[in-house]
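Note sheet for the following structure.
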Amino acid sequence: MNILVADDQVDVLEAIRLLLKGAGHLAEMVESPRAALAAVERRSFDLVFIDMNYSRDTTSGEEGLALLDKLLAHDANVPVVVMTAWSSVDLAVDAMRRGAVDFIQKPWDNARVLATIEKQATRSKERKKVRSELEIARHVQQRLLPQHSQALKTVSFGGRCVPAREIGGDYYDFLDLGPGRLGALLADVSGKGVPAALLTANLQASFRGQLELGMKLPKALLGSVNKLFHESTPAEYFATMFFAEYRDQTRELRYINCGHPAALLIRAGGEVEHLEATALPIGIFSSWSCEEKTVTLAPGDLLVAFSDGVLEAGVERGDEFGEARLIEALHAARASAVEPMLDATVAEVLRFSPEVQSDDVTLVALRAV
């Protein structure tokens, strides 16, 4: 393994270097927190050992805890083992709570140090395998998003999805329902990560496998999708959804909102209409019914559906992006074509919560021309 060791005592560094060399590991030795941070800036390490006390303070462990925080802020995935000659249960617990993977007391037992390294090497291999599999899953999920659809005369459309993790639980699609008829949907499956991603794939398969039914009766299509989703998923899982059918010839948009945040219809003159829920979420009950509503899109009108991750961006720091900011962002970018407008709006959402994205951010837009 490629290991970084930080300690302010030269004899300690030399002893650890010889131990690691004898076990076949590569090690870089540094004598201060500043040097440790400079080292991780230059290169990546499989494992980091850090002393908890340095020249400024030899008892409290505050320097070591601060270094631990900075190392994990730089790379949250790097395993850090903390060491101190002034160990205490409270200090060990604090370090582990902040993200350290293990704790070693000095003077150390060589067998204990090598066993810790071996354990972290095994975990590292497992993490790399998981990351590789998640990367493959992410590419597969991206391919599930619509790649192309029929062009319409009276409306342009597009969508964006930025998962909070490698893979997410939001799904949007555009469906060809026949000449001059477009189906647009945005769904948000409960949960996150791999389970939610599997359910979004299930949901897409349910829609794509029944397009013929959707061409005839969109309400029947959603009823059938609900039945399949309910039967194939655990009871605690469901999906909110906004589904719309647009007819090019009449400019008529028929929609069903299944417990999803109200879509925004921003008229050419700036007035905002809310397309509220007309049905329960998909998958909660086997018996399900919905109400279909209709609006007409005049030239210059803009329809935007979005996941709750858009409105709730920033909630971790005590504030939310919210509907008012979303409307403001859409107004600011609405002079652009649909694709750059979506890019600008997503960028504004992510800018509002730059540190942590806790939920998927997804938008679908239809602009009447």
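Ordering ALA66, ASN257, SER156 by Cα displacement along the dipole of the chain toward the positive end leaves SER156 in first place; charges were set at the Cβ atoms of Lys, Arg (+1) and Asp, Glu (-1). The mean sequence distance of close C-alpha pairs (under 8 Å, at least 6 residues apart), as a share of the length of the stretch 1-114, puts its relative contact order at 23 percent. Considering only alpha-carbon pairs that sit under 8 angstrom and 6 or more positions apart, the relative contact order computed for the chain is 13 percent.
Per-residue extension of 0.36 nm, minus the Cα-Cα distance of VAL10 and ALA23, leaves a gain of 2.7 nm for this segment.
Note on the chain: GNM, Cα springs under 10 Å; of PRO179, PRO107, PRO281, the largest mean-square fluctuation is that of PRO107. The Cβ shell under 14 Å around LYS70 holds other residues with a net charge of -3, Lys and Arg each +1, Asp and Glu each -1.
For VAL12, neighbours were defined as the other residues whose beta-carbon sits under 9 Å from its Cβ, and their charges (Lys and Arg +1, Asp and Glu -1) total -4.
In summary, the helical segments of the chain meeting the span-like criteria, namely a full DSSP H run, a Cα extent along the axis of 20 angstrom or more and a mean Kyte-Doolittle hydropathy of at least -0.5, are 193-208, 218-232, 338-352. Rounded to the nearest 0.05, the FRET efficiency derived from the C-beta distance between ARG351 and ALA298 at R0 = 51 Å is 0.95.
Only loop residues by DSSP count here, and only those with at most 13 other Cβ atoms within 10 Å; note down the chymotrypsin sites (Phe, Trp or Tyr not before Pro) in the stretch 5-100 that meet that. Passing sites in the stretch 5-100 are TRP86. The loop-placed GluC sites (Glu not before Pro) in the stretch 278-369, going by DSSP, that have at most 12 neighbouring Cβ atoms within 10 Å of their Cβ come out as GLU291, GLU355.
On the beta carbon distance between SER124 and GLU339, with R0 = 45 Å, the FRET formula returns roughly 0.65.
Please work out the FRET efficiency for the pair ALA35 and ARG317, using the Cβ-Cβ distance as r and a Förster radius of 35 Å; give the result to the nearest 0.05. For ALA35 and ARG317, the calculated efficiency is 0.65.
Under conditions of 37 °C and 0.692 mPa s, the stretch 147-302 yields 205 µm² s⁻¹ as its translational diffusion coefficient, taking Rh as the Kirkwood radius over Cα pairs in the Stokes-Einstein equation.
Ligands, DNA and RNA left out, the accessible area of the chain computed with a 1.4 Å probe is 54% carbon and sulfur.
The values are calculated or read from the model by the stated rules, or taken from the named source; none is laboratory data. Just so it is clear, the model here is predicted, and its values are computed rather than measured. FYI the Cβ positions are ideal-geometry reconstructions off the backbone, even for glycines, and counts take in every protein chain you see. Note: areas computed on protein heavy atoms with side chains; ligands, DNA, RNA excluded. Shrake-Rupley method; radii C 1.70, N 1.55, O 1.52, S 1.80 Å.
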